[in-house]
Amino acid sequence: MKKTTLPETTESLVYTKYEKARMIGSRALQLSMGAPFLIKMSPEELEKIRYNTIDIALREFNEGVLPITVKRPVRKAQ
């Protein structure tokens, strides 16, 4: 049998919908508990989205500044 080697980390920038939902939900909870914003938003923008923490977390995710990572299990090569 041929041995295949896998890279040490299989993390990529493509997240499943479940990973994305968990990351955004976790960040929204942090924001609702008083965590500082990681993106600059004007008071007009905040009023427009009605200070919705999920929308703020989604914007942080889309800009790539979300401080949450996904740890995926790494398969062993056979």
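No value in this document is a laboratory result; all are computed from the given coordinates. Note that this is a predicted model, so its numbers are computed, not measured. All Cβ positions, glycine included, derive from the backbone under ideal geometry; neighbour counts span all protein chains shown.
Among 26-39, 50-63, how do they line up by average Cβ neighbours within 10 Å per residue, starting with the highest?
Packing proxy ranking, top to bottom: 50-63, 26-39.
Pull out a ≥ b ≥ c, the square roots of the eigenvalues of the alpha-carbon gyration tensor of segment 17-63, then state rounded if a/c is under 1.5, prolate if not and a/b is larger than b/c, and oblate in the remaining case.
It is prolate, given that a/c is not under 1.5 and a/b is the larger ratio.
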